[in-house]
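Colleague: What follows is a structure written as structure tokens; I'll ask about it next.
Values quoted throughout were computed directly from the atomic coordinates according to the rules given, and no laboratory measurement underlies them. Note that this is a predicted model, so its numbers are computed, not measured. As a convention, Cβ positions derive from the backbone with ideal geometry for all residues, glycine included, and neighbour counts pool all protein chains shown.
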Amino acid sequence: MLQKNSICVKILKGVLKSKDGECRKILRRNAHFSFYPEKPPSGSTTKMNMFQAINNALDITLRTDESALVFGEDVAFGGVFRCTVDLQKKYGKSRVFNTPLCEQGIIGFGIGAAASGATSVAEIQFADYIFPAFDQIVNEAAKYRYRSGGEFNCGRLTIRAPCGAVGHGALYHSQSPEAYFAHTPGLKVVIPRGPIKAKGLLLSCIRDPNPCLVLEPKILYRAAVEEVPSGDYGTLIGKADVVQEGKDVTLIGWGTQFHVLMEVAQLAKEKFGISCEVIDLVSILPWDLDTVCNSVKKTGRVLISHEAPLTSGFGAEIAACIQEECFLHLQAPVARITGFDTPFPHIFEPFYLPTKWRCLEAVKNLIDY
Amino acid sequence: MLPSCARNINKPTISCKKVLQLINGTKNNYATEVKCETKPYKLHKLDTPPSASTTLSREDALKYYREMQVVRRMEASANNLYKTKLIRGFCHLYSGQEAVAVGIKAALRSHDAVITAYRDHGWAYLMGASVVEVLTELTGRKSGCARGKGGSMHMYTDNFYGGNGIVGAQVPLGAGIAFALKYKGTDGVCFALYGDGAANQGQVFETYNMAKLWNLPCIFVCENNGYGMGTSAQRAAANTAFYTRGDYVPGLWVDGMDVVTVREAARYAIDYCKSGKGPLVIEAATYRYFGHSMSDPGTSYRTREEIQEVRQKRDPITHFQELTTNAGLLSENEIKEINADVKKEVDEATEISKTDSSIGLDELATDIYANNLEPQIRNTTPFNPLTHNRLGKAVNLE
Ligand SMILES: Cc1ncc(C[n+]2csc(CCOP(=O)(O)OP(=O)(O)O)c2C)c(N)n1
Ligand SMILES: [Mg+2]
């Protein structure tokens, strides 16, 4: 599988001199992952893709919570990714509305509305555009409760933002900024891997008494289809999901990367007979140290993988905790396969991504260590 | 309903009078220049408007017509390349807005600077990138003006500080560029362009304040094409008179569909700024024909009739063609020749954009930092770092 000249090996060795055209051939490949749908819980379900599941969660919120507001750039028409489609028609212009193009203002406004009792769901059109609002999120939203000695808070604020690679998004439609926010006590940050989680997490975040950020992998909006519970439900924030059990290596990812890891587990089994346990972290802040450590203590080997760059990526935090908690159980150093420490590149996206081949090689190295 | 930008525009009038200054003996007896009336301006905290009439030389007319045609055709080609998936990602076309860039460019001196948002293909071309460099950048090939690393939103040439993907982010940079021009003792000015949607970003107002406080030679140009993505200007702005929104920064409204009027406004603005009076806001009323980007059909928030009406009645190229031919400055034949010539140039460039190769993978780790204090960039595993390269000095630094 990993022949000497396979592209992934070349990249890993840092032999990055490609022959002309090699780059282009790879660019024409299809999506870099296969979607692994989640098993629906028992009860009535409806087939939905991820944007429909999100729309459904917002619909439930607007229907059951009179104070709920949904706003952001172009949300009145359904938003760029159709997540808010038809909601204005149903609930009126005073509850579902367009804002001007001003992210700092949008979040500041949302904090104010939330602080005075409105359930506020703000959409930032792309996670790449959340940075004008970084100050409002980090300095205002996250610290409101603390700095007022618990008298005031904006826990009714939920921010949604599409994140991650889409195949051709280049520098400003591809980033995964979860680690920036994970550094901010007072916030909660979650990332769904499909429609079921998207709906449950969004409903839980909206009802959670802390300001929450839902980063939605935009490539999944249409590509991910599942049987989603039709009614109202929540998904625990802070709880990871052991999706596949295994005994040799623990693979940890979230969002789209989870699906890459599922395929890696399958390949590892087929090619090398390695049994992988795959964990969807689901929630970045807080994150589920117990589930991760229980798994790592069992397998003794762990690979963490995310699209964001390596340095100070959220994998760094997980790795640090694992070595603290599981030191004597580890058979090999914690491995991280991530995006490179470069801006998210335009033409190099297929090389930048932590593909299944790069992950597979890391799994093999963990075993051979 | 037409957006305010389109409604505000007067009916087109052919306002050039042939000047009785015909060249004797030249083949068609064309005028060498004509006197043109400019479209009416609106002023904010300015005493005198730009001049109501100006002369347009034959040479300039040929140039402006050609430039607008190139931009139009190049965008049409980008549209096709996108549809065949040779251009990926996010791609915003400038069709309909050509007169704004061509008019401003006509007034620029070699030491003036420009910075704009992501709708930058036309600007890159006007500021010196070839059609090949623009189209190959779009297809991500190595002849691209950013070697294929920037793509649609990130094109750069001398004195053109680029397209910028983050809405509004280029505006404060414009003030900084203007400051530097002043500081270095040149009389250069910086044009900082942004859209009607971007006009609502907080940093735009922060920049007005700095620019006026320090009297920077910065000309803010709000290209009001009526919409920020799917939201019309009226739905997004409490005050849609964008030329007044600098408050204490004087402003000028211009018909952005008339290249000569834009040129006069830009000349006026340059004179104003270089005399040390500080910044100006220009609102250029214009229109975009295509959707916001390639993923927007552009018809869910406006009617097809609205687009058709602007195309028929306000098109900057048709308008200029009528103006120059009616005035006897250019002939129908010349127009045809230019069209054919431009078509050929763009077609050839399009072919190159399909066949040119892309840069090598070693450039993944190239130009991340200025100098390689550490010669290597950490790779995704610690033991096989990437070599950090530099291609050369940036063009904006001496
Ligand atoms: C900070 C930020 N927020 C949102 C976006 C997404 N976005 C790209 S263009 C655009 C609309 C801008 O409209 P306008 O300023 O009128 O310029 P136009 O597209 O009409 O040229 C939006 C919302 C972005 N690129 N950056
Ligand atoms: Mg606009």
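Colleague: What net charge is computed for the residues neighbouring A:LEU236, neighbours being all others with C-beta under 13 Å from the C-beta of A:LEU236, Lys and Arg scored +1, Asp and Glu -1?
Modeller: -1
Colleague: So for the protein assembly as shown: antiparallel DSSP bridges make up what percent, rounded to the nearest 5?
Modeller: The answer is about 35 percent antiparallel.
Colleague: So, one more: With a ≥ b ≥ c taken as the square roots of the eigenvalues of the C-alpha gyration tensor of the stretch A:241-368, please select rounded if a/c is under 1.5 and otherwise prolate if a/b is larger than b/c or oblate if it is not?
Modeller: oblate
Colleague: Hey, which of these cross-link pairs are over 23 Å Cα-Cα: B:LYS63/B:LYS344; B:LYS63/B:LYS274; B:LYS63/B:LYS184?
Modeller: Values: B:LYS63/B:LYS344 17 Å; B:LYS63/B:LYS274 26 Å; B:LYS63/B:LYS184 31 Å.
In this structure, B:LYS63/B:LYS274; B:LYS63/B:LYS184 exceed 23 Å between Cα atoms.
Colleague: Let me ask something additional. Taking every eigenvalue of the Cα gyration tensor of the stretch B:4-359, multiplying by 5 and rooting it, what semi-axes result, largest first, whole Å?
Modeller: 28, 27, 21
Colleague: With Cβ to Cβ distances under 12 Å as the rule, what net charge do the other residues near B:ALA349 carry (K, R +1; D, E -1)?
Modeller: Values: positive: B:ARG73, B:ARG141, B:LYS343, B:LYS344, B:LYS354; negative: B:GLU133, B:GLU137, B:GLU345, B:ASP347, B:GLU348, B:GLU351, B:ASP356.
So the environment of B:ALA349 carries a net charge of -2.
Colleague: Continuing with this model, one more query. Starting at the first residue of the stretch A:70-81, write each ³J(HN,Hα) from the Karplus equation 6.51 cos²θ - 1.76 cosθ + 1.60 with θ = phi - 60°, in whole Hz, x for Gly and Pro.
Modeller: Taking θ as phi minus 60°, the curve returns 10, 8, x, 5, 6, 5, 4, 8, x, x, 4, 9 Hz for the stretch A:70-81.
Colleague: Moving on to the next point. Tilt of helix B:58-83 relative to the longest C-alpha principal axis of chain B, in degrees (0 to 90, nearest 10)?
Modeller: That helix lies at roughly 50 degrees to the long axis.
Colleague: So what is the relative contact order of chain B, in percent, for Cα pairs below 8 Å that sit 6 or more residues apart?
Modeller: 22
Colleague: Here is a further query. What ranking of B:TRP253, A:TRP254, B:TRP123, B:TRP214 emerges when the number of other C-beta atoms within 10 Å of each C-beta is taken as an exposure proxy, fewest first? Spell out each step's value before the answer.
Modeller: Working: B:TRP253 24, A:TRP254 31, B:TRP123 28, B:TRP214 14.
In order of increasing Cβ crowding within 10 Å: B:TRP214, B:TRP253, B:TRP123, A:TRP254.
Colleague: Sticking with this structure for a sec: Under a point spin-label approximation (7 Å from Cα along Cα-to-Cβ), what is the A:PHE97-A:LYS298 distance to one decimal in nm?
Modeller: Going from the A:PHE97 label point to the A:LYS298 one covers 5.1 nm.
Colleague: Give me the net charge of B:VAL249's neighbourhood, meaning all other residues with Cβ under 9 Å from the Cβ of B:VAL249; Lys, Arg count +1, Asp, Glu -1.
Modeller: Local charge sum for B:VAL249: +2.
Colleague: Using modelled backbone amide H atoms (1.01 Å from N, in-plane), which distant-in-sequence or interchain residues come within less than 5 Å of A:GLU216's amide H?
Modeller: Hits under the 5 Å cutoff: A:ALA161, A:CYS163.
Colleague: Taking every DSSP beta bridge that has both residues in chain B, what percent is antiparallel when rounded to the nearest 5?
Modeller: For chain B, the DSSP antiparallel bridge percentage is about 45.
Colleague: Moving on. Please list B:309-317, B:93-101, A:66-74 highest first by mean number of surrounding beta-carbon atoms within 10 Å per residue. The partial results should precede the final answer.
Modeller: Numbers: B:309-317: 19.1, B:93-101: 27.2, A:66-74: 21.0.
For the peptides B:309-317, B:93-101, A:66-74, the packing ranking is B:93-101, A:66-74, B:309-317.
Colleague: Taking square-rooted eigenvalues a ≥ b ≥ c of the alpha carbon gyration tensor, is the stretch B:274-329 rounded, prolate or oblate, where a/c under 1.5 means rounded and, failing that, a/b exceeding b/c means prolate?
Modeller: Values: a/c = 3.11, a/b = 1.21, b/c = 2.58.
Taking the square roots of the gyration eigenvalues as a ≥ b ≥ c, the stretch B:274-329 is oblate.
Colleague: Residues with amide H under 5 Å of B:THR157's amide H, sequence separation 5 or more or different chain, H placed in the peptide plane at 1.01 Å from N; which?
Modeller: Counting only residues 5 or more places away or on other chains, the set is B:GLY162.
Colleague: Take the Cα atoms of the protein assembly as shown, find their three principal axes, and give me the spread along each one in whole Å, biggest first.
Modeller: Per principal axis, max minus min of the Cα coordinates gives 95, 61, 49 Å.
Colleague: Going through the cross-link list B:LYS313/B:LYS336; B:LYS42/B:LYS343; A:LYS271/B:LYS85; B:LYS39/B:LYS212, which pairs have a Cα-Cα distance over 25 Å in this structure?
Modeller: B:LYS42/B:LYS343; A:LYS271/B:LYS85; B:LYS39/B:LYS212
Colleague: For the stretch A:152-267, please report how many Lys pairs fall under 20 Å Cα to Cα, leaving out neighbours fewer than 8 apart on the same chain.
Modeller: For the stretch A:152-267, qualifying lysine pairs total 8.
Colleague: In whole Hz and in residue order, list the ³J(HN,Hα) couplings for the stretch A:340-350 that follow from phi through the Karplus curve 6.51 cos²θ - 1.76 cosθ + 1.60, θ = phi - 60°; x for Gly and Pro.
Modeller: These are the phi-based 3J(HN,Hα) values: 7, 7, 9, x, 5, x, 6, 7, 9, 3, x Hz.
Colleague: Let me ask you something else. Please list, in order, the residues from the stretch B:320-339 whose amide nitrogen is less than 16 Å from a point placed 7 Å along the Cα→Cβ vector of B:LEU62.
Modeller: Under 16 Å, as judged by backbone N against the label point of B:LEU62, lie B:324-325, B:328-339 of the stretch B:320-339.
Colleague: Just to confirm the number: angle between the C-alpha axis of helix B:316-326 and the first principal axis of chain B, 0 to 90 degrees, nearest 10?
Modeller: Long axis of B:316-326 versus the principal axis of chain B: about 40 degrees.
Colleague: Could you tell me how many degrees, from 0 to 90 and to the nearest 10, lie between the Cα long axis of helix B:332-355 and the main elongation axis, the longest principal axis, of the Cα atoms of chain B?
Modeller: Rounded to the nearest ten degrees, it is 10.
Colleague: Putting +1 on Lys and Arg Cβ atoms and -1 on Asp and Glu Cβ atoms, find which of B:GLY276, B:VAL259, B:ALA129 reaches farthest to the positive end of the dipole of the stretch B:4-359.
Modeller: The Cα lying farthest towards the positive end belongs to B:GLY276.
Colleague: Another question, then. List the residues, sorted by chain then number, that are 5 or more residues from A:HIS168 or on another chain and whose placed amide H is less than 5 Å from its amide H.
Modeller: Correct list: empty.
Colleague: Report the FRET efficiency, 1/(1 + (r/R0)^6), for A:ARG147 and B:ASN239, where r is their Cβ-Cβ distance and R0 is 30 Å, rounded to 0.05.
Modeller: The formula returns an efficiency of 0.30 here.
Colleague: Convert each backbone phi in the stretch A:202-217 into a coupling constant with the Karplus relation 6.51 cos²θ - 1.76 cosθ + 1.60 (shift: θ = phi - 60°), then list the ³J(HN,Hα) values in order as whole Hz, x for Gly and Pro.
Modeller: Along the stretch A:202-217, the couplings run 5, 4, 5, 5, 4, 8, 5, x, 10, x, 10, 10, 9, 9, 10, x Hz.
Colleague: By a straight-distance test (C-alpha under 13 Å), which aspartates and glutamates pair with A:LYS89 as possible cross-link partners, with residues fewer than eight away in the same chain excluded?
Modeller: Qualifying aspartates and glutamates at Cα under 13 Å: A:ASP59.
Colleague: What FRET efficiency would be calculated for the residue pair A:GLU245, B:ARG304, taking the C-beta separation as r and a Förster radius of 56 Å, to the nearest 0.05?
Modeller: 0.50
Colleague: What is the distance, in nm, between label points placed 7 Å from the Cα along the Cα-to-Cβ direction at B:GLN376 and at B:THR48?
Modeller: 6.7
Colleague: Counting only DSSP beta bridges with both residues in the stretch B:248-398, what percent are antiparallel, rounded to the nearest 5?
Modeller: 25
Colleague: Moving on to the next point. Once every DSSP H run of n ≥ 4 in chain B is given -39500 (n - 2.57) and the sum is divided by its residues, what mean residue ellipticity at 222 nm do you get, rounded to the nearest 500 deg cm²/dmol? Don't skip to the answer; put the middle values down first.
Modeller: Working: 12 runs with 144 residues, N = 398.
Taken over chain B, the calculation gives -11000 deg cm²/dmol.
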